[in-house]
Amino acid sequence: MGICMSIASSEIHDQAEDQHHFHENVLYLTETIPSIGTHTHGSLYSKQGTKGLNQDAAILYQEYGIKGGAFCGVFDGHGKNGHIVSNMVRNRLPSLLACVSAFKVMDKEIKLQHNLDCSTSGTTAVVVVRQLIIVSLPKGEDLVIANLGDSRAVLGTMTEKGIKAVQLTTDLKPGLPSEAERIRNCKGRVLALKEEPHIPRVWLPHEDSPGLAMSRAFGDFLLKDHGLIAVPDVFYHRLSPNDHFIVLATDGVSPLSIKLVITSSNYHPNFKFILNF
């Protein structure tokens, strides 16, 4: 069994039409772009083999990211649940790539602001995207969470004892072993001040500067060659009927305050955004 996807020029596609190279297992996708007066073509070919269930999946995402862009991929599932895995990757990977690439582009745009000194200035980010999933069973909704730094996304979910606060993100700080390892591999230093022994910070290799208390951020370009990155931690959460809302908060709001706000449903002025489901 197998699957194949292609994006071809109009010249190649026209030759195929002239030669009647059509097949019942082939799907042709055509789009007209008036501004440039041409056509783009995509095709998908799938064939059932003799091994049983076809575990392959494919995607062609027209207009991906920018006008005229496209995302295409084929995924060869294997193992008992290979068909589930390949379809999951097909359905979710475009969103993941969009998040990661958008964060990188954003960081580059910040750096290009020549009238703005961001050598030791920056920001964290936590982003949540809700998307309807209609191609899987059972149908439902997913949250795509992209976290950069130490802001938090906390879910308010109903239990037998009332609303419970569930933190969906991990605070990306220099004290995390994986984050510290990356920073040290890039010659950065992870040390805490004597007066703040519980707060590890990122320092330049040979200078006691700038002492950033997070390991991922937009901006802060002085540390970008020494382990600080603008690549978010991205993951999914499938919403259940018990999930009522999500809270996004900066680290100025303590975990205890978040928990109290969620469990009591009171509003805290430092919360930046609350999303009800």
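Would you be able to say whether some residue in the range 166-177 is part of a strand (DSSP E or B) and under 24 Å from A146 (Cα atoms)?
Within the range 166-177, the first condition is being part of a strand (DSSP E or B), and the residues that meet it are 166-167.
This time we only want the ones that are under 24 Å from A146 (Cα atoms), so: 166-167.
Within the range 166-177 (the criterion being part of a strand (DSSP E or B) and under 24 Å from A146 (Cα atoms)), the answer is yes, since at least one residue qualifies.
Which residues, counting only those in the range 55-80, are open to solvent by less than 40 Å² (accessible area, probe 1.4 Å), touching a helix residue (DSSP H, G or I) at 6+ places or on another chain (Cβ under 8 Å) and modelled with pLDDT under 70? Quick ask: steps written out before the conclusion?
Just the residues of the range 55-80 that are open to solvent by less than 40 Å² (accessible area, probe 1.4 Å), to begin with: 55-60, 69, 71, 73, 75, 77.
Keeping just the survivors that are touching a helix residue (DSSP H, G or I) at 6+ places or on another chain (Cβ under 8 Å) gives 55-59, 71, 73, 75, 77.
Within the range 55-80, none qualify.
In the range 81-126, how many residues are among the β-branched types (V, I, T), open to solvent by less than 60 Å² (accessible area, probe 1.4 Å) and outside any helix (DSSP H, G or I)? Break it down into steps so the answer makes sense when it comes.
Initial filter on the range 81-126 (among the β-branched types (V, I, T)): 84-85, 89, 100, 105, 110, 120, 123-124, 126.
Filter once more, so that each one left must be open to solvent by less than 60 Å² (accessible area, probe 1.4 Å): 89, 100, 110, 124, 126.
Those left that are additionally outside any helix (DSSP H, G or I): 124, 126.
Total satisfying the criteria: 2.
When the residues of the range 192-221 are narrowed to those that are closer than 26 Å to A98 by Cα and of a type in the set (A, V, I, L, M), which ends up farthest from the chain's Cα centre (by Cα)? If you could, list the steps in order and put the result at the bottom.
First, the residues of the range 192-221 that are closer than 26 Å to A98 by Cα: 214-221.
Now narrow it down to the ones that are of a type in the set (A, V, I, L, M): 214, 217.
Values: M214: 19, A217: 15 Å.
Top of the filtered list is M214.
Return the pair list, or none, for Cβ contacts closer than 7 Å from residues in the range 167-184 that are under 17 Å from V234 (Cα atoms) and open to solvent by less than 60 Å² (accessible area, probe 1.4 Å) to residues that are among the small types (G, A, S) and part of a strand (DSSP E or B), at least 6 apart or on different chains.
L168/A153; T169/A153
For the range 121-142, give me the residue count where each residue is under 16 Å from H237 (Cα atoms) and at pLDDT 85 or above.
Within the range 121-142, the first condition is being under 16 Å from H237 (Cα atoms), and the residues that meet it are 126-134, 136-142.
Still in the list and also at pLDDT 85 or above: 126-128.
The qualifying residues number 3.
Here is a list of conditions, (1) among the charged types (D, E, K, R); (2) touching a Phe, Trp or Tyr at 6+ places or on another chain (Cβ under 9 Å); (3) at pLDDT below 70, and K47 meets all of them except one; can you say which number that is?
Answer for K47: the failing condition is (2).
The values are calculated or read from the model by the stated rules, or taken from the named source; none is laboratory data. Every value quoted in this text rests on a predicted model; they were computed, and no experiment measured them. Here the Cβ is made from the backbone with ideal geometry for all residues, glycine too, and neighbour counts use every protein chain on show. Surface accessibility is based on the protein's heavy atoms, side chains included, excluding ligands, DNA and RNA. Shrake-Rupley method; radii C 1.70, N 1.55, O 1.52, S 1.80 Å.
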